[in-house]
1. Would you rank VAL91, VAL8 by solvent-accessible area, highest first, keeping every protein chain in place and using a 1.4 Å probe?
2. Between TYR86 and SER61, how many nm apart are label points set 7 Å from Cα along the C-beta direction?
3. So how much slack lies between ASP77 and GLU27, counting 0.36 nm per residue of separation and subtracting their Cα-Cα distance, in nm?
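The values are calculated or read from the model by the stated rules, or taken from the named source; none is laboratory data. This one's a predicted model, so the numbers in the text were calculated from it and none came from an experiment. In this analysis, Cβ positions are derived from the backbone assuming ideal geometry, glycine residues included, and neighbour counts consider all displayed protein chains. Heads up: the accessible areas ignore ligands, DNA and RNA and are worked out on the full protein's heavy atoms, side chains in. Shrake-Rupley method; radii C 1.70, N 1.55, O 1.52, S 1.80 Å.
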Amino acid sequence: MSEIGLGVSAAYLNGSVSQAFSNDTIESAGSGTISAGTNPLSGLTIGTTKSGATEFSGTISEIIIYDRPLKSDERSDVFDYLSMKYRIPVVGL
């Protein structure tokens, strides 16, 4: 199995305090914040844009959704589970 393009990602959509993590359970990606707007779930799509004009090209193996932001140790457990299941290296475990 090739490791090109494999990764584990987590995102918390909560307006101006949103965060994204990619292959790291401790350090947030980029500046650490993303703007999900005032209604973060309005138009939420997986695998395409809201309008359906741009498709995701690739494979999504698993999506896990929680109804609350996970604590650091909980997020680490989820990343650990996905890392072992799909043999994807994750730092910060």
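1. Correct descending sequence by accessible area is VAL91, VAL8.
2. That separation, rounded to one decimal, is 0.6 nm.
3. Stretched fully, the ASP77-GLU27 segment lengthens by 16.5 nm.
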